[in-house]
């Protein structure tokens, strides 16, 4: 298949996964508001730092408060990491590859985009926030399921899988980073509530039930981290996403450089003791993982696409 078509399919699923997980990221922060006492709640600008969007936000008018940051992350078209920007790019990539993708998937992507676009210039108040964001999450999951159930399992599908799983790994680390940053900012006052916060993180990643099934004991930060980073069976765990990316790479030609890049990340993750990841050490590890995941993206681009190009 043409490299430009492969690149568009890869970025289509990345942007869909980014939209879904950005919604999850906002919900993590939203749940913290409900679960933590008012006196230890950190600022909303943690979201901007995790998304790497603080400089862009600073150029726009308005204070860094809950209302403006939510609007920026949800519906600001000038913000490339916003939900509306991700869906705009996903829709365009699907529009230009409609001949090899299921028509039902195009209709659902277009419907989701129009739904979010209608709200993009409005506030997202707490009363309606859960329903709106959960609808985005469920819609993205439906599209993912539709692609999985109706696409030929050929090269195009492998690029779709790689894009989805690489973005999922990256966003899972960012969601964990929000939780750890909450605890660091709040300090010792938040320690009695750390288990509550980690339950919220597990729930935001649809991981709570599977965690209890696998770990079979109460939630602790160490066990939650190990599950979300190193589980080989939970679909949103970083280790599992890397296994799926590697499996897709093995089915594609000229794969040696890409396989080398992913093997390096897998070794680093496998050798990490999650019990040592606390406070600043956890933040630094997650930053390192995000850089390593970006190395995988560059290897994929250099191997099968035009290097350095997003679509």
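Points to keep in mind about this one:
- Ranked by how many other beta carbons lie within 10 Å on average, peptides 194-205, 47-58 from highest: 194-205, 47-58
- For the stretch 251-298, the percent of C-alpha pairs falling in each 10 Å distance bin, counted from 0 to the bin holding the largest distance, reads 24, 46, 22, 8, 0.
- For the pair residue 196 and residue 110 in one chain, pulling the backbone fully straight at 0.36 nm per residue adds 27.3 nm over the alpha carbon distance.
- The stretch 248-270 residues near the modelled residue 232 label - backbone nitrogen below 20 Å, point 7 Å along Cα→Cβ: 248-251, 259-270
- Pair residue 273, residue 213: separation of 7 Å Cα→Cβ label points (nm): 3.1
- Value of relative contact order over the stretch 3-304, rounded to a whole percent, pairs C-alpha under 8 Å and six or more apart: 24
- Label zone at residue 148 (point 7 Å along Cα-to-Cβ), backbone N below 16 Å, the stretch 1-25: 13-14, 16-18, 20-21
- Listed options for mean projected area of the Cα convex hull in nm² are (i) 15.4; (ii) 13.5; (iii) 17.7. The value calculated from this structure is the one marked (i).
- Cβ-Cβ FRET estimate between residue 118 and residue 96, R0 fixed at 35 Å, reported to 0.05: 0.90
- Relative contact order, percent, the stretch 2-82 [alpha-carbon distance under 8 Å, six or more residues apart]: 27
- Relative contact order of the stretch 216-305: 25 percent, from C-alpha pairs under 8 Å at least 6 residues apart in sequence.
- Taking each DSSP H run with n ≥ 4 as -39500 (n - 2.57) and averaging over every residue of the chain yields -24000 deg cm²/dmol at 222 nm.
- Sorting the segments 259-266, 223-230, 146-153 by their residues' average number of neighbouring beta-carbon atoms within 10 angstrom, most packed first, yields 223-230, 259-266, 146-153.
Here, each number is a calculation from the coordinates, and none is a lab measurement. These numbers come from a predicted model, not from an experiment. Every residue, glycine as well, gets a Cβ built from its backbone with ideal geometry; the counts of neighbours run over all protein chains shown.
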